[in-house]
Amino acid sequence: MCVGRKGHEHFSRRGYQLVGDFRGTFDKLSFDTANTIADEAEAGFLEGRWDQVHLIYNEFKNTISQNRIVEPYLPIRADRFLTPVMESELKHLEDEDHAFDNDPIYEPGVRGILDVVVPKYLSYKLWRILLDSNAAEQGARMVAMDNATNNASELLGDLKLKYNRARQDAITKELIEITSGADALEAG
């Protein structure tokens, strides 16, 4: 799955089978797009089309430099979401003799909470990465335009210098011709 035109074109030219077409994502960046991409990645993972999903993106550091990041997206480590209360509830459910049957029951249960939190977590993580990548691209464009402006200014300065030297040479040549002509008339 490639988000953006360049990645899509790079991998499709090399014969990779791509899932989805997200070439215009950065032209109209929205949270709904992040949801769509996250849903597609999650569905492929849950259906077993792929064993793991990694995100590769440019992390915005500042306008001059960006970091290339590769991080796991799916599967998510289980300990990432489990609080101590959730862990004790899971241990209680796995315990066969249920020694603590008088423990309070939390609603919704662990599964219910995770079923809501995990998809939101995945969408927000992807949204943050899309924003980071977009900021990195805009920063790179800004630096490129600044460099182009500086190069154009430098080129303009060089051309003005050459023009003034050529003009000065032409004036000097005309003065020499006039002086030589006047000397020739005086001598003649």
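The values are calculated or read from the model by the stated rules, or taken from the named source; none is laboratory data. Because the structure is a prediction, the values reported are computed rather than measured. Because the Cβ atoms are built from the backbone with ideal geometry, glycine has one as well, and the counts that use them run over all protein chains shown.
Annotations for the structure displayed:
- Restricting segment 47-76 to residues that are assigned to a loop (DSSP other than H, G, I, E, B) and among the charged types (D, E, K, R), the residue that is modelled with the lowest pLDDT: K61
- Residue within segment 142-162 that is under 30 Å from N35 (Cβ atoms), modelled with pLDDT of 80 or more and out of contact with any strand residue (DSSP E or B) (no Cβ under 6 Å at 6 or more places or on another chain) present: yes
For every residue, the table says whether it meets (1) out of contact with any Leu (no Cβ under 8 Å at 6 or more places or on another chain); (2) in contact (Cβ under 8 Å) with a residue 12 or more places away in the chain; (3) under 13 Å from I129 (Cβ atoms); (4) among the small types (G, A, S).
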position: M1; (1), (2), (3), (4): no, yes, yes, no
position: H10; (1), (2), (3), (4): yes, no, no, no
position: G24; (1), (2), (3), (4): yes, yes, no, yes
position: F31; (1), (2), (3), (4): yes, yes, yes, no
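- Within segment 89-113, the set of residues being part of a helix (DSSP H, G or I) and at pLDDT 75 or above comprises R111, G112, I113.
- Output for segment 25-55, where each listed residue is surrounded by 12 or more Cβ atoms within 10 Å (Cβ to Cβ) and under 13 Å from G4 (Cα atoms): T25, F26, L29, T33, A34, I37
- Y121 at pLDDT below 95 and surrounded by 14 or more Cβ atoms within 10 Å (Cβ to Cβ): yes
- Close contacts from segment 146-158, counting a first residue that is under 17 Å from I64 (Cβ atoms) and assigned to a helix (DSSP H, G or I) and a second that is of a type in the set (V, I, T) and modelled with pLDDT under 95, with Cβ to Cβ under 9 Å and a gap of 6+ residues or different chains, come to D146/T63.
- Condition met for D115 (farther than 30 Å from E89 by Cα, acidic (D, E) and surrounded by 11 or more Cβ atoms within 10 Å (Cβ to Cβ)): no
- For first residues located in segment 160-185 and surrounded by 10 or more Cβ atoms within 10 Å (Cβ to Cβ), partners that are modelled with pLDDT of 90 or more and lie 6+ apart or on another chain with Cβ distances below 7 Å do not occur.
- Here segment 16-46 is the region considered, the condition is being among the small types (G, A, S) and assigned to a loop (DSSP other than H, G, I, E, B), and the residue that is farthest from L122 (Cα to Cα) is G24.
- The residues in segment 20-49 that are within 19 Å of the chain's Cα centre (by Cα) and under 25 Å from V118 (Cβ atoms) can be counted, and the count is 14.
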